Amino acid sequence: MTKSNAVSDDAGGMFAAIDSKDAQAFVGFLTEDAVFRFGSAPAVRGRQAILAAVDGFFGTIASCSHDVQKTLSSDRTLVCEGEVTYRRHNGTEITLPFTDIFEYDGDLISQYKIYIDIGPLYAE
């Protein structure tokens with residue numbers, strides 16, 4: 001079963017919120033009790049905790065830009081694969097591959113898992 005284009009379009013809106021470093025808009029795509037896991041970091045539960053975690057992360061980067069290259073969907077799950085380019089505060093950039101898995105509850109994301117090796121972003 002394929003997800004509706006509306007849910008895929010919503011994911012595009014969510015990536016736009018992330019790329020504009022708008023943590024408040026970002027959490028609007030999540031359920032109140034959503035679970036968010038970024039790479040190997042511990043999972044964070046609930047909009048307010050996710051807002052704080054994402055806001056903290058945004059403070060460590062100057063900007064980011066996502067290039068979603070492939071999406072796969074089934075039932076209430078959407079998988080996005082692509083590359084994200086981070087600009088560091090010192091002006092240098094790095095592009096890393098990622099895969100995100102979104103599990104939906106209605107029109108909102110209840111589980112958001114990011115598979116990425118974020119280590120190179122912070123390497124000297």
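Every read-out reported here was derived from the displayed coordinates using simple, explicitly stated rules and does not represent laboratory data. Values in this document were obtained by computation on a predicted structure and should not be read as measured data. Don't worry about glycine lacking a Cβ; one is built from the backbone with ideal geometry, like all the others, and counts go over all protein chains shown.
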What is the angle, in °, between the Cα long axis of helix 47-58 and the longest principal axis of the Cα atoms in the chain? Nearest 10 is fine, range 0 to 90. 30
Under a point spin-label approximation (7 Å from Cα along Cα-to-Cβ), what is the Glu83-Leu96 distance to one decimal in nm? 1.5
Debye, to nearest 20: dipole size of region 22-70, +1 on Lys, Arg Cβ, -1 on Asp, Glu Cβ: 160
Run lengths n ≥ 4 of DSSP H only: what is the helix-derived mean residue ellipticity at 222 nm for the chain, with -39500 (n - 2.57) per run over all residues, to the nearest 500? -8000 deg cm²/dmol
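Taking the Cα centre of region 5-118 as origin and charging only Cβ (+1 Lys, Arg; -1 Asp, Glu), how large is the dipole, in debye to the nearest 20?
Values: 9 positive and 17 negative charges, 75 e Å.
Using Cβ point charges on Lys, Arg, Asp and Glu, region 5-118 gives about 360 debye.
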Looking at the square roots a ≥ b ≥ c of the eigenvalues of the Cα gyration tensor of region 22-115, which shape do they give, rounded for a/c under 1.5, prolate if a/b is larger than b/c, or oblate? oblate
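Test of understanding: what is the full-extension gain from Asp107 to Ala16, defined as 0.36 nm times their sequence separation minus their Cα-Cα distance?
Details: separation 91, 0.36 × 91 = 32.76 nm, distance 1.72 nm.
Between Asp107 and Ala16, full extension yields an extra 31.0 nm.
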